[in-house]
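The values are calculated or read from the model by the stated rules, or taken from the named source; none is laboratory data. Keep in mind that what you see is a predicted model, and the values were worked out from it rather than measured. Reconstructed Cβ throughout: ideal geometry from the backbone, glycine too, with neighbour counts over all protein chains shown.
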Amino acid sequence: MAKANKALVLGATGGIGGETAAALLRRGWRVTALARHPRREVAGADPLAAASWIIGDAMNAQDVRRAAEGASVIVHAVNPPRLRDWGRLVLPMLDNTLAAAEAVGARIVLPGNLYNYGPDAFPALREDSPQHPRTAKGRIRAEMERRIEEATKGRATALIVRFGDFFGPSPGNNWFSQSMVTPGTRLRSITYPGDARVGHSWAYLPDAGETFARLLDRAGELPPFARFHFAGHWDPNGLWMVRAIAEMLGRPEMKVNALPWGRIAIAGLFQQTPREMFKLRYLWRTPIRLDNAKLVAFLGREPHTSLSQAVGETLKALKIS
């Protein structure tokens, strides 16, 4: 198979990396997955069974360069283990991907988010909205995109798609599975991080992965540095998602609790994870919506699973009853 149909995925054991790899495999791509601990066989049909797994570390430049040989696409969907030292390690990890892409002439693919925007760009975000982040994590995200754009002045090309908060059946670090519900339990209540009557943007992981695959199938039509926004599921008042969870579990009157932000702030004085969570509270206190007009104009339509089906499949995969 031609080089144009080979992709290296960094982060295939995670949510968006795994879903992008699965979508590419469905479309006939050859996929190489680099991981420190390659995933084991899973029960039932494994969507990544056809991927070639290579043991390596995205923080090791030689590992990434070796795995990228022959690839036309490098999907950078990886984070430091357990998100520790994210601020210190994420840019060096990206630099390894940029060097490999430059060496083999590949397209860098980055799942983006909302961190790199500040209040001056809210509430409707377009691809060219100003990036004036208010947090250290946001400034790093903006720097990631700047470095990627700079890399396209050489042999590399790039594709960035920005998403709202992820949820879905694949494992991953997201608000849905780590704060709203408890995987592997009979759910007694739902914990919602947002303020009442404030809209929120959600991205179903399989739809996000399919979006990347469809765009990459038409990579020859993309500019050297391409950016798109994914609208996903817009919850206009913070109630649609919690109602969908309760209804799919057959308990529409399920109690909804507010996330205890005060306790998180106190815990953040001593622990890194709650400290980083609290810094993102602003994204739950104001409506932020992604404008996908450019994506729809290019693809014709955005991949979209109904909210009830998406939530149902997510709950089933997370073994929530």
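If only residues of the stretch 296-314 that are in contact (Cβ under 8 Å) with a residue 60 or more places away in the chain and either in a loop (DSSP other than H, G, I, E, B) or not hydrophobic (A, V, I, L, M, F, W, C) (or both) are counted, the one that is surrounded by the fewest Cβ atoms within 10 Å (Cβ to Cβ) is Ser308. Of the residues in the stretch 139-155, none is modelled with pLDDT under 95 and of a type in the set (Ser, Thr, Tyr). Note on the stretch 119-234: enclosed strands (runs of 3 or more DSSP E) holding 2 or more residues that are closer than 19 Å to Leu10 by Cα are 157-162.
On the basis of being under 22 Å from the mean Cα position of the chain (by Cα) and either closer than 26 Å to Ile140 by Cα or among the small types (Gly, Ala, Ser) (or both), does Ser306 make the cut? Judged against the criteria, Ser306 is a match. Looking across the stretch 5-28, the residues that are touching a residue at least 40 places away in the same chain (Cβ under 8 Å) and farther than 17 Å from Asn173 by Cα come down to Asn5, Lys6, Ala7, Leu8, Val9, Ala21, Ala22, Ala23, Leu24, Arg26, Arg27. Just checking, does the stretch 72-87 include any residue being surrounded by 22 or more Cβ atoms within 10 Å (Cβ to Cβ), at pLDDT below 95, among the hydrophobic types (A, V, I, L, M, F, W, C) and under 18 Å from the mean Cα position of the chain (by Cα)? Checked the stretch 72-87: at least one residue is surrounded by 22 or more Cβ atoms within 10 Å (Cβ to Cβ), at pLDDT below 95, among the hydrophobic types (A, V, I, L, M, F, W, C) and under 18 Å from the mean Cα position of the chain (by Cα). Scanning the stretch 67-118 for residues that are hydrophobic (A, V, I, L, M, F, W, C), under 27 Å from Asp291 (Cβ atoms) and in a loop (DSSP other than H, G, I, E, B) returns Ala77, Leu114.
Taking the listed residues Pro252, Pro287, the one that is without any contact (Cβ under 8 Å) to a residue 40 or more places away in the chain, of a type outside the set (A, V, I, L, M) and in a loop (DSSP other than H, G, I, E, B) is Pro252, with no other qualifying.
Can you name the condition, by its number, that Leu269 falls short on among (1) in contact with a strand residue (DSSP E or B) (Cβ under 8 Å, 6 or more places away or on another chain); (2) at negative phi? Leu269 satisfies all of (1) in contact with a strand residue (DSSP E or B) (Cβ under 8 Å, 6 or more places away or on another chain); (2) at negative phi except (1). Candidates Leu114, Leu98, Leu91: the one that is buried (at least 18 other Cβ atoms within 10 Å of the Cβ), under 18 Å from the mean Cα position of the chain (by Cα) and not assigned by TED's automatic domain parsing to the domain that holds Leu280 is Leu114.
Do the conditions hold for Ala158, that is, is it over 16 Å from Phe230 (Cα atoms), modelled with pLDDT of 95 or more and more than 19 Å from the chain's Cα centre (by Cα)? No.
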